[in-house]
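Only the coordinates and a few stated rules stand behind these numbers; no lab work does. Owing to the predicted nature of the structure, the values given are computational and were not obtained by experimental measurement. Methodologically, a virtual Cβ is constructed for each residue, glycine included, from the backbone with ideal geometry; neighbour enumeration extends over all protein chains shown.
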Amino acid sequence: MSKRVTSAARYMLALNDCRVFDRHQWHATFVVGQYLCTTCGASFYCPGCTLSIPKNARARLCPEHHAEQEARDEQARRHRHEQQQQSSQPSIQKGVPS
Ligand SMILES: [Zn+2]
Ligand SMILES: [Zn+2]
């Protein structure tokens, strides 16, 4: 009565991550900025890591740049929010009088 998880079952779980949650295993290849998901075999490249777009690779931010992007988005959101609060007091700037 071995209670081992078969590699097939593990593979199905991992593939589920890929297809349902879009969470891939990032494995760096010999090409900078290009990554390979060892689970579903898809190729990705990170626009933040490389400027050259490999063939047959999907654009996807690597975990590192993804975190950076999230931080930027969060900052932008906060910034927009502040601007909205300020604009509740209309300050119309007319052009410089000539
Ligand atoms: Zn994958
Ligand atoms: Zn990156």
Filter region 49-67 for residues that are within 16 Å of ligand 1 (Cβ to nearest atom) and assigned to a helix (DSSP H, G or I); which is farthest from VAL31 (Cα to Cα)?
HIS66
Could you tell me how many of the residues in region 1-22 are surrounded by fewer than 10 Cβ atoms within 10 Å (Cβ to Cβ) and either among the aliphatic types (A, V, I, L, M) or in contact (Cβ under 8 Å) with a residue 40 or more places away in the chain (or both)?
4
Output the number of residues of region 23-46 satisfying the condition of being over 23 Å from SER7 (Cβ atoms) and surrounded by fewer than 14 Cβ atoms within 10 Å (Cβ to Cβ).
3
